[in-house]
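Asks: Supplied in C-alpha cells, the structure appears directly below.
The values are calculated or read from the model by the stated rules, or taken from the named source; none is laboratory data. Note that this is a predicted model, so its numbers are computed, not measured. Neighbour counts are summed over all protein chains in view; Cβ atoms, including those assigned to glycine, are modelled from backbone coordinates with ideal geometry.
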Amino acid sequence: MIPTVSLRAPFCHCEPKAWQSDCRENIDMIEIRKEDFSIDEIVKKMKSPRIGALLTYLGTVREFPQGTGLGFEDDKNAIQKLEEIRKRAINRFDIEDVTIIHRVGFLSVSQNILLVAVSASRREPAFEACRCILDDIKDFHKSWKIEVVE
C-alpha cells in the first residue's frame, strides 16, 4: 500500500485538487482601495469563451455587540499577501483567473469589505479555489482588522 501524503501551502486550509508546475499569469487583479467597487465591472473583465463558471463572493461588515464597524489599515504588505494567496490558488486549482479587491479605512455595518471573483471552465474548481482563498484571507484578517466600538 502506498502512503498518502497531504501537501499544503502556508495559510491554505484546502487540499489541492492537483499540483500544477506552471504558474499561469492571466488577467490578475489585486486591489486595495478606500472606495467601493463594482461587481459588474469585474465580472465583465473576467468573462471569456473559456469560462463556464464565474464565482463571486462579496464580504460585508456584519453587526457585532457594541460595534459600529471595522477598520482596516492601509498595510503595505497586504498587496503582497493577497497576491501570494491569488497565485497559490491559480497554481493549485484548475481555474483561469482570480480577482481580489479589499477595502481599507473605517467600514460601517453592511458596507462592502471584500470581493473575490474566481473564473474557471467548470464550477467545482471555482468553488474549491474560492473557499481556499477566503480561508487564507480570513487568517490574514486576524492581524489586519480592528473592531471599532463606541
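Asks: Inspect region 53-64 for any residue being among the β-branched types (Val, Ile, Thr), under 15 Å from Cys130 (Cβ atoms), modelled with pLDDT of 95 or more and within 17 Å of the chain's Cα centre (by Cα) and give the result as yes or no.
Replies: yes
Asks: Something else: Provide a single number: the residues in region 59-98 that are among the hydroxyl-bearing types (Ser, Thr, Tyr) and out of contact with any Asp or Glu (no Cβ under 8 Å at 6 or more places or on another chain).
Replies: Looking only at that region, the number is 1.
Asks: For region 60-74, give me each residue that is surrounded by fewer than 17 Cβ atoms within 10 Å (Cβ to Cβ) and either part of a helix (DSSP H, G or I) or out of contact with any Ser or Thr (no Cβ under 9 Å at 6 or more places or on another chain) (or both).
Replies: Phe64, Pro65, Gln66, Gly67, Gly71, Glu73, Asp74, listed by residue number.
Asks: Of the residues that make up region 101-121, is at least one in contact (Cβ under 8 Å) with a residue 12 or more places away in the chain, farther than 21 Å from Thr60 by Cα and either of a type in the set (Lys, Arg) or touching a Phe, Trp or Tyr at 6+ places or on another chain (Cβ under 8 Å) (or both)?
Replies: Checked region 101-121: at least one residue is in contact (Cβ under 8 Å) with a residue 12 or more places away in the chain, farther than 21 Å from Thr60 by Cα and either of a type in the set (Lys, Arg) or touching a Phe, Trp or Tyr at 6+ places or on another chain (Cβ under 8 Å) (or both).
Asks: Of all residues in region 75-106, how many are in a loop (DSSP other than H, G, I, E, B) and either buried (at least 16 other Cβ atoms within 10 Å of the Cβ) or modelled with pLDDT of 95 or more (or both)?
Replies: Residues in region 75-106 being in a loop (DSSP other than H, G, I, E, B) and either buried (at least 16 other Cβ atoms within 10 Å of the Cβ) or modelled with pLDDT of 95 or more (or both): 5 in total.
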